[in-house]
Amino acid sequence: MQEFDTPVVDNHLHLDPDHGRGLEAVKDFARSGGTHLLVVNKPSWLLGHEVETGEDFRPVFETTVEVVREASEILPGRAWPVLGVHPGLVSKLVDDRGYDPEAARDLMCAGLDTAAEFVREGDALALKSGRPHYEVTDAVWEASNAVLRHGLDLVADCDCALQLHTESTTDLSDVAEWADERGVPGERVIKHYAQGHLTGGTPSVMSDKDRLEDAAERGEPFLMETDFIDDPDRPGAVMGPKTVPRRVDWLLDEGRDAAVRNAHVETPASVYGVDTEATLDR
Ligand SMILES: [Zn+2]
């Protein structure tokens, strides 16, 4: 049982209690010194839901809320749900199910409306949206950006943060501008799967050493994540749940205490308004 003198937060991972490792992954994380998790719902289609209305997302979100409740009992800190609609859904709808881009947009916006209800009730910490990371038609790109802007409308209304899945980039100035127009602080726009630096938002940095070194060196606000997908069919597809604690260990060995405090105490506080130290019972 590893223990650090600091909270250790994985800002983006998935748990699939029915098909994946679920709480066993949480135990691995905790045994390695991990304390807090932000658990993002899996894409609706991977849980076997063929959504047709915004309400159809509800069981997807409830699965996450439930596993978060159980994870919080295992962790020395706690877990929080991050709920939303995976941007890849637009292609499932348009390419596989015959939706036109506008109808796909409306359904995805309705799904985000349902996610926002959980935030308003205090059952989720943040929302998740984005746009495809692969080549799409102009119409699908425009529909996706409209969904993303709707996500920003909702976080302005709910006073929460927005995690984004986007194309691979270190510049999200366009999104930061849309956030600003809505009075959403730029830092509350979080790019998941990020490099070590980002213009326009807060990077949630994938926990490989090169990216972390970059983030630590710059000293700007950042978070750390694995994007563990908990999918038994793709065991090697992403980092495992022990990765963030191991990288924290490495950063501390390198004398990067300030970076650890940045990613695990200060940035969670400024972005989400959570106190990772006060929620630690040791
Ligand atoms: Zn993810």
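The values are calculated or read from the model by the stated rules, or taken from the named source; none is laboratory data. The structure presented is a predicted model; accordingly, all values stated were derived computationally and were not measured. Neighbour counts are summed over all protein chains in view; Cβ atoms, including those assigned to glycine, are modelled from backbone coordinates with ideal geometry. We work out accessible area using only protein heavy atoms, side chains counted, and drop any ligands, DNA or RNA first. Shrake-Rupley method; radii C 1.70, N 1.55, O 1.52, S 1.80 Å.
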Quiz prompt | Qualifying chymotrypsin sites (Phe, Trp or Tyr not before Pro) in segment 134-242, DSSP loop, other Cβ atoms within 10 Å at most 14 | solution = Tyr134
Quiz prompt | Helix 138-158 vs. the chain, principal-axis angle (Cα, 0 to 90°, nearest 10) | solution = 60
Exercise. Take the Cα atoms of segment 9-272, find their three principal axes, and give me the spread along each one in whole Å, biggest first.
Key: 53, 39, 34
Quiz prompt | Where labels lie 7 Å past Cα in the beta-carbon direction, separation of Ala278 and Glu187 in nm | solution = 1.7
Quiz item: GNM, the chain, Cα, under 10 Å: largest mean-square fluctuation among Val147, Val40, Val238?
Solution: Val238
Quiz item: Ranked by accessible surface with a 1.4 Å probe, highest first, in what order do Asp18, Asp106, Asp174 come?
Solution: Asp18, Asp106, Asp174
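Calculate how large, on average over all directions, the projected area of the Cα convex hull of segment 194-261 is; give the answer in nm² to one decimal.
Numbers: hull surface 18.7 nm².
Across all orientations, segment 194-261 yields a mean hull projection of 4.7 nm².
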Quiz item: To the nearest 0.05, how large is the calculated FRET efficiency for Leu23 and Asp138 if R₀ is 35 Å and r is the Cβ-Cβ distance?
Solution: 0.20
Quiz item: How far, in degrees from 0 to 90, does helix 209-218 lean away from the longest principal axis of the Cα atoms of the chain, to the nearest 10?
Solution: 80
Quiz item: If Lys and Arg each add +1 and Asp and Glu each add -1, what is the summed charge of the other residues whose beta carbon sits under 9 Å from the beta carbon of Leu47?
Solution: -1
Practice problem: Please list the equivalent ellipsoid semi-axes of segment 1-145, computed as the square roots of five times the alpha-carbon gyration tensor eigenvalues, in descending order and whole angstrom. | Solution: 31, 15, 13
Self-check item: Listed residues His12, His192, His150, most fluctuating in the chain (Gaussian network, C-alpha, under 10 Å)
Solution: His150
Self-check item: Inter-centroid distance (Cα atoms) of segment 9-35 relative to segment 115-171, Å
Solution: 24
Quiz item: Among Lys27/Lys242; Lys42/Lys191; Lys128/Lys209, which pairs are too far apart, with a Cα-Cα distance over 19 Å?
Solution: Lys128/Lys209
Quiz item: Which net charge results for the neighbourhood of Leu162, defined as the other residues with beta-carbon distances under 9 angstrom from its beta-carbon, given Lys and Arg at +1 and Asp and Glu at -1?
Solution: +2
